[in-house]
Amino acid sequence: MTGVLPIALEESTKTLQVVLAGGKEYVGVMKLHGDVNVEKILDVFEEFVGEIFQRPPLRASVKRRLRTRNIYYNRVLEIDGRNVLFKIGCQSGTYIRKIIHDIGEALGCGAHMAELRRTRAGPYMENKNLVTLQDLSDAYIRWKEKGEEEPLKRLILPVETSVELLPKVYVKDTAVDAICHGAHVTIPGIVKLSSKIKPEELLAVYTLKEELIALGRARMSTEEILEKDYGIAVKTERVIMRPNVYPKTW
Amino acid sequence: MKETTPPWEVKREVVIKQEAETDPKYGCPPDQRPLTYHLKYGFINLDKPKGPSSHEVTAWTKKVLGVGHAGHGGTLEV
């Protein structure tokens, strides 16, 4: 399999859980084991949208009990004889090889996956800043041997990109260092925030310079945070920024 | 149609609670981080080649960039 494989460096590994839990998109080729008419293929693909049941395959790294996964969309892009090019958007932990096998069973003739490429993992996409190992190695050598920083800098994305899809709260300069030391986010420290935050939702805590400070769990909705004058709005779960970047005021 | 909105298409706005400014003396916007910090707080959107495992590709990346620790966001094996 090829495609989007986000890699976290050093301190960024702290936000990997966010990318792992994010939705995925794949483009692949299904090979049919018999002839089926186009109409039927399209119908069956549409049946495998929404909540589906899956038992993880033998070689899976999780417990093999039946579980549901959400398929956001599942579209046929092209049919050429017994080859079906498809695109699927799904919840993390969906086994594509398994889905394709099940679609084959539903069609009656059987099928297997001939090729698969991941085109999205959470916020990371195939058509935005995708780099090869060769690009990386070339840029690293230019930096080490010629002192050119720009090429390498361009290939590496800030840790903030990994939490792009999370709701956010932005805090005052004076609240930053306490959060870096593990303090929770209180209402007086909040300057602005995303709409539609729900209690218990995972969110990103930001500085006003758009730097990621920590990951936290919402204790209140957006509306409650806007209404109230005090209280804990977000429980800090994982601190990413190192302490002492902002002044200590507590 | 049973299609649902994928999480990457959910739109959120930013709402303001109070006015505040940030002091340029502290911190640094992500796109202006010095390279050594950028590497420490970096992500790579890597195009995984066919053949090696996600784990192997991650180990190579770590070696190529001379970083101490790296992890990947979801195996591409199944």
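The values are calculated or read from the model by the stated rules, or taken from the named source; none is laboratory data. Everything quoted here is computed from the prediction, not taken from an experiment. Because the Cβ atoms are built from the backbone with ideal geometry, glycine has one as well, and the counts that use them run over all protein chains shown. Surface accessibility is based on the protein's heavy atoms, side chains included, excluding ligands, DNA and RNA. Shrake-Rupley method; radii C 1.70, N 1.55, O 1.52, S 1.80 Å.
Within 10 Å of the Cβ of each residue in B:24-32, the mean number of Cβ atoms contributed by other protein chains is 6.
For a test of the definition: using alpha carbon positions, the gyration tensor, and the 1.5 limit on a/c, classify chain B as rounded, prolate or oblate.
oblate
A straight line joining the Cα centroids of region A:182-226 and region A:126-146 runs 35 Å.
Exposure check, 1.4 Å probe, all protein chains in place: A:Phe48 carries approximately 40 Å² of accessible surface. Along chain B, the exposed loop sites are trypsin sites (Lys or Arg not before Pro) outside DSSP states H, G, I, E and B with at most 16 other Cβ atoms within 10 Å, and the longest stretch free of them is B:51-78. Short-range pairs are left out: with C-alpha atoms under 8 Å and at least six residues apart, the relative contact order of chain A is 19 percent. Charge dipole of chain A (Cα centre as origin; +1 on each Lys and Arg Cβ, -1 on each Asp and Glu Cβ, all else neutral): 760 debye, rounded to the nearest 20. Highest mobility in the GNM of chain A, judged by mean-square fluctuation with C-alpha springs under 10 Å and restricted to A:Glu51, A:Glu149, A:Glu200, is found for A:Glu149.
Buried between B and A is an accessible area of approximately 7200 Å², summed over both sides with a 1.4 Å probe. In the protein assembly as shown, taking the dipole from charged Cβ atoms about the Cα centre, the farthest positive-side position among B:Leu65, A:Ala121, A:Leu203 is held by B:Leu65. Can you tell me how chain A classifies by the Cα gyration tensor, rounded, prolate or oblate, using a/c under 1.5 as the rounded cut? Oblate is the answer for chain A, as a/c is 1.5 or above yet b/c matches or exceeds a/b.
For chain A, which span is the longest to avoid every loop-located (per DSSP) member of trypsin sites (Lys or Arg not before Pro) having at most 10 other Cβ atoms inside 10 Å? Mind dumping the intermediate values first?
Numbers: sites that count: A:Arg59, A:Lys63, A:Arg64, A:Arg65.
Value returned for the longest uninterrupted segment is A:66-250.
Only DSSP H runs of four or more residues enter the estimate; each adds -39500 (n - 2.57), and after division by the residues of chain A the mean residue ellipticity at 222 nm equals -7000 deg cm²/dmol.
Can you pick out the pairs among A:Lys196/B:Lys2; A:Lys128/A:Lys153; A:Lys153/B:Lys50; A:Lys192/B:Lys11; A:Lys31/B:Lys48 whose Cα atoms lie more than 20 Å from each other? Show your work: numbers first, answer last.
Working: A:Lys196/B:Lys2 23 Å; A:Lys128/A:Lys153 15 Å; A:Lys153/B:Lys50 26 Å; A:Lys192/B:Lys11 16 Å; A:Lys31/B:Lys48 23 Å.
Checking Cα-Cα distances, A:Lys196/B:Lys2; A:Lys153/B:Lys50; A:Lys31/B:Lys48 exceed 20 Å.
Rounded to the nearest 10 degrees, the angle from helix A:38-47 to the longest Cα principal axis of chain A is 40 degrees. Calculated accessible area for region A:2-126 comes out at 45 Å² per residue, all protein chains present (probe 1.4 Å; ligands, DNA, RNA ignored).
What would the Debye equation give as log₁₀ I(q)/I(0) for region A:166-239 at q = 0.23 Å⁻¹, counting only Cα atoms as equal point scatterers? Computed log10 I(q)/I(0) values: -0.95. Ligands, DNA and RNA left out, the accessible area of region A:107-147 computed with a 1.4 Å probe is 43% carbon and sulfur.
For region A:207-213, putting each phi into the Karplus relation 6.51 cos²θ - 1.76 cosθ + 1.60 with θ = phi - 60° gives couplings of 8, 6, 9, 6, 9, 6, 9 Hz, in residue order, rounded to whole numbers and with x for Gly and Pro. A simple charge model with +1 on the Cβ of Lys and Arg, -1 on the Cβ of Asp and Glu and nothing else charged puts the dipole of region A:166-239 at about 120 debye relative to its Cα centre.
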